[in-house]
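Everything below concerns the one structure shown next.
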Amino acid sequence: MRAVAIFFIALHNLIHIIHPLKENEFFYTKYWQNLFVDNLLAFSNTLALDVFSYLGWYGVATFLFLSGYGLVRKYECANADKTISFLPFMKYQFLKIFKLMLIPYAAFLLLCMAFDTYPRVLNVVGHLTLLINFWPDDLNPGIYWYLGLCVQLYACYHLFFYKKNGWSLVVLNLLSIILVMVCLYFDWQYPALNFIRHQCIGWFLPFTMGIVFARYNISIVFQSYWKNLLAFVVGVVLLILSCETSYTWFFSSVIAVALALYLCELLKIIVPLNKLLLHIGAMSAFIYVVHPFVRQLSFCYVSTFHWYHYVLYVLVIYLLSFGYQKLHTWLFGNAKATMKLSCRRKRKDVLS
């Protein structure tokens with residue numbers, strides 16, 4: 001799932017800037033939905049670009065689902081050694097993200113300055129402190145907003161969800177839904193909804209979905225390949241239909257996560273591809289922090305994109321991410337190292 005999600009995100013973050021069809025990620029625009037459906041029904045020759053540009057951002061919802069799922073598996077398992085306090089937990093999470101992004105972000109800044117583009121000091125401070133989400137109009141690169149979102153969700157997890165009953169899940173999701181619906185009803189999409197969708201309050205649905213799936217061991221996939229295929233096709237239709245109105249669009253991320261679950265179950269039948277996806281999934285965090293630099297590099301040297309540019313873009317991202325993973329491990333130790341709070345009995349299904 002991480003491999004599929006990062007593949008969609010990396011291509012989306014390049015394509016949605018250069019492609020005429022944009023996305024409905026932070027606020028809803030009916031025009032983009034109509035244009036996507038028209039191109040889909042006409043089987044446009046740009047359909048592949050349309051899919052990545054318009055739908056690629058759902059990889060973010062998938063990652064949030066996996067984040068909620070992984071936190072429960074890591075910190076709420078039955079044989080956990082002890083309860084971790086808030087400050088050590090947040091210190092660990094912040095430093096983990098900060099060390100991950102520091103070198104790629106520095107490389108991005110150097111590239112910008114090499115081409116006479118100088119970011120604002122406030123922008124740099126916002127990124128380095130992971131507080132850039134509070135200035136959603138000043139994101140450059142905008143891709144790193146997700147890292148600040150992760151820190152917010154980690155804090156919310158410990159304060160409201162960690163070893164607590166399910167009422168906090170219900171209350172915070174209701175608060176999130178009410179705030180978004182009020183913004184949509186009064187047409188406060190920009191800047192109000194845009195601001196909310198850059199904060200944790202706008203993304204509780206997929207995150208808490210992961211928490212619920214992990215706590216109650218929920219599985220929606222079938223044993224039958226054909227049932228999973230049918231569920232995937234139905235899910236695609238429901239995802240497109242859910243974007244027909246702004247009110248149902250907000251819930252579309254839940255359908256997207258379900259689609260990712262079915263898609264990954266379908267891909268398991270192709271063993272070589274499954275092994276490749278597992279390999280890429282293990283590198284997904286490094287791919288995420290490296291690909292903004294590669295995207296900026298692409299914009300510096302390519303004026304008109306052709307199919308081979310996208311292939312080269314993906315290849316360069318992979319090679320740089322692979323190298324950065326080795327460098328990161330050499331500098332900071334094992335990238336998979338965790339806090340000294342885990343299950344005594346190791347689980348193969350832990351999503352870190």
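What follows is calculated from the coordinates using simple rules that are stated; it is not laboratory data. In this text the structure is predicted, and so the values were computed from the model without any measurement. Neighbour counts are summed over all protein chains in view; Cβ atoms, including those assigned to glycine, are modelled from backbone coordinates with ideal geometry.
The table below lists the values:
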read-out: Electrostatic dipole magnitude of the chain [Cβ: Lys, Arg +1; Asp, Glu -1; Cα centre; debye, to 20]; value: 1780
read-out: Packing rank of 110-122, 168-180, 133-145, where each peptide gets the mean count of other beta carbons within 10 Å, highest leading; value: 133-145, 168-180, 110-122
read-out: Calculated from backbone phi, Karplus (6.51, -1.76, 1.60) coupling profile of the stretch 311-328 in Hz, x at Gly/Pro; value: 4, 5, 4, 5, 5, 5, 4, 4, 5, 5, 5, 4, x, 5, 4, 5, 5, 4
read-out: Cα gyration tensor, the stretch 146-239 - rounded (a/c under 1.5), prolate or oblate; value: oblate
read-out: 5 angstrom amide H check on Thr46, placed H, neighbours 5+ away; value: none
read-out: Integer Hz, Karplus 6.51/-1.76/1.60 couplings in order for the stretch 263-279, x for Gly and Pro; value: 4, 5, 5, 5, 6, 4, 5, 9, 4, x, 5, 4, 5, 5, 5, 4, 5
read-out: Contact order normalised by residue count of the stretch 146-254, Cα under 8 Å, 6+ apart, percent; value: 25
read-out: Whole-number D in µm²/s for the stretch 1-70 (Stokes-Einstein; Kirkwood sum over Cα pairs; 25 °C, 0.890 mPa s); value: 196
read-out: In sequence order, calculated HN-Hα J values of the stretch 198-208 (Karplus, 6.51, -1.76, 1.60; Hz; x Gly/Pro); value: 9, 10, 4, 4, x, 9, 5, 4, x, 5, 6
read-out: Shape of the stretch 136-183, Cα gyration tensor, a/c cut at 1.5; value: oblate
read-out: Entries of Lys91/Lys163; Lys74/Lys268; Lys96/Lys164; Lys22/Lys99 with Cα pairs more than 27 Å apart; value: Lys22/Lys99
read-out: Mean projected area in nm² (Cα convex hull; one quarter of hull surface) for the stretch 24-125; value: 11.5
read-out: Cα-based equivalent ellipsoid of the stretch 2-309: semi-axis lengths in Å, sorted from largest, via gyration tensor; value: 28, 26, 21
read-out: For peptides 267-274, 91-98, sequence by mean Cβ density within 10 Å, most packed first; value: 91-98, 267-274
read-out: Kirkwood Rh, angstrom, the stretch 64-198 [1 / mean 1/r, Cα pairs]; value: 17.1
